[in-house]
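The values are calculated or read from the model by the stated rules, or taken from the named source; none is laboratory data. This one's a predicted model, so the numbers in the text were calculated from it and none came from an experiment. Counting neighbours? That spans all protein chains shown, and the Cβs are built from the backbone with ideal geometry, glycine included. The protein model used for the area step is the full one, side chains on, heavy atoms only, and it has no ligands, DNA or RNA in it. Shrake-Rupley method; radii C 1.70, N 1.55, O 1.52, S 1.80 Å.
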Amino acid sequence: MVEIWERGTSSSATARGLLLMEIALPGTAPEIRPRLSVGHRDSCLIDLRERLFGSGVAALSDCPSCGAPIALDFDLDQVRAPHAAPGTVVELAAGGRSVRFRLPDSEDLLAIEDEADPGTAERALLRRCLLGGDDGDAPCAEAALDRVSRALAEADPQAELILAIACPECGEGTDAPFDIVLQLWSEIEGWVGGLLEEVDRLAARYGWSERDILAMSHARRHAYLDLAEAGTR
């Protein structure tokens, strides 16, 4: 996990999601993980988060009306949803034509992540996912942008999670997206930060290398930390 964190310190959220998938699905071929649908990826990362930190989630959001912080406490089971099966194709009629789309994956998100305008990014994403209609005419996707986006979201429910929350200060209700990549990465950053502090203390006290300290079990490392703390009293 320390290596994954180090590799992802200057990476985008999508790239970090792929790094986390190395831990979530270590036995899956590297070329397969980026091609899993976003919902499939997020389902795997929710399972990983539960293995690492448990099922309870404590997060913060800001009220869009008054700016007050809103504490969110929920269980991961409350945000679990079905994800689409591999190879799922969404087909719908647009302008009298049949149009087919595959589901977005991490490779698609990486391809559009530098696009600053959300509308342009969404159109670019749908163009990448378009498999062609009965005449292969791509412009028919533009005429039904909202319908296509909704259809893709419905086909892969785990890919887009929205929490209904209410501000305790002003009482205003709002929807807050839950992004498992951002949540899990933030928690791993905190965990790694604490671990490196332990390494620093033990290295300063005993002169051990980082490799030797990280190779210790949690119990053994903390036993030495207790001894080091006792020795400074």
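Who wins for biggest fluctuation among Leu184, Leu131, Leu214 in a Gaussian network model of the chain, springs between alpha carbons below 10 Å?
Maximum fluctuation in the GNM of the chain, among the listed residues, is at Leu214.
So for the chain, taking the charge dipole from beta-carbon charges (+1 Lys/Arg, -1 Asp/Glu), which of Ala230, Ala58, Ala215 sits furthest toward the positive end?
Ala215
Across the Cα atoms of region 1-92, what radius of gyration and what greatest pairwise Cα-Cα distance (Dmax) are found, in Å?
15.8, 47
Starting from the residue with the highest accessible area, list Met216, Met1, Met21 in decreasing order, probe 1.4 Å. Could the numbers behind the result be given before it?
Working: Met216 25, Met1 65, Met21 0 Å².
These residues rank, largest area first, as Met1, Met216, Met21.
Of Ile180, Ile188, Ile32, which has the largest mean-square fluctuation in a 10 Å C-alpha GNM of the chain?
Looking only at Ile180, Ile188, Ile32, the biggest GNM fluctuation is shown by Ile32.
Using Cα pairs under 8 angstrom and six or more residues apart, how large is the relative contact order of the chain, in percent?
This gives 21 percent for the chain.
For the Cα atoms of the chain, what angle does the longest principal axis make with the long axis of helix 180-206, in degrees from 0 to 90, nearest 10?
20
Stick to the Cα atoms of the chain, pair each with every other, and give me the Kirkwood hydrodynamic radius in Å at one decimal.
For the chain, inverting the mean 1/r across all distinct Cα pairs yields 20.6 Å.
Points 7 angstrom from Cα along the Cβ direction at Asp117 and Glu197: gap in nanometres?
Spacing of the two 7 Å Cα→Cβ label points: 4.6 nm.
To two decimal places, what compactness ratio does region 1-50 give when its Cα radius of gyration is scaled by 2.2 N^0.38 Å? Spell out each step's value before the answer.
Numbers: Rg = 10.3 Å, N = 50, 2.2 N^0.38 = 9.7 Å.
Output field value: 1.06.
Measure out, as a whole number of angstrom, how far apart the alpha-carbon centroids of region 7-43 and region 179-233 sit.
26
Choose one answer from Ser55, Ser43, Ser217: the residue with the largest mean-square fluctuation in a GNM of the chain with alpha-carbon springs under 10 Å.
Greatest mean-square fluctuation among the candidates belongs to Ser217.
Gain in length, Ala223 to Cys66, computed as 0.36 nm per residue apart minus the alpha-carbon separation, to one decimal in nm?
On the way: separation 157, 0.36 × 157 = 56.52 nm, distance 4.68 nm.
51.8 nm is the gain from fully extending Ala223 to Cys66.
Given H placed on each backbone N at 1.01 Å, which residues far from Gly132 in sequence or on other chains put an amide H within less than 5 Å of it?
Arg100
Using only the alpha carbons, work out the radius of gyration and Dmax of region 178-233 in angstrom.
That works out to 13.8, 45 Å for Rg and Dmax.
In 5 Å bins starting at zero, report the fraction of Cα pairs in region 46-133 per bin as a rounded %.
Here the calculated profile for region 46-133 is 3, 10, 12, 12, 13, 18, 15, 9, 5, 1.
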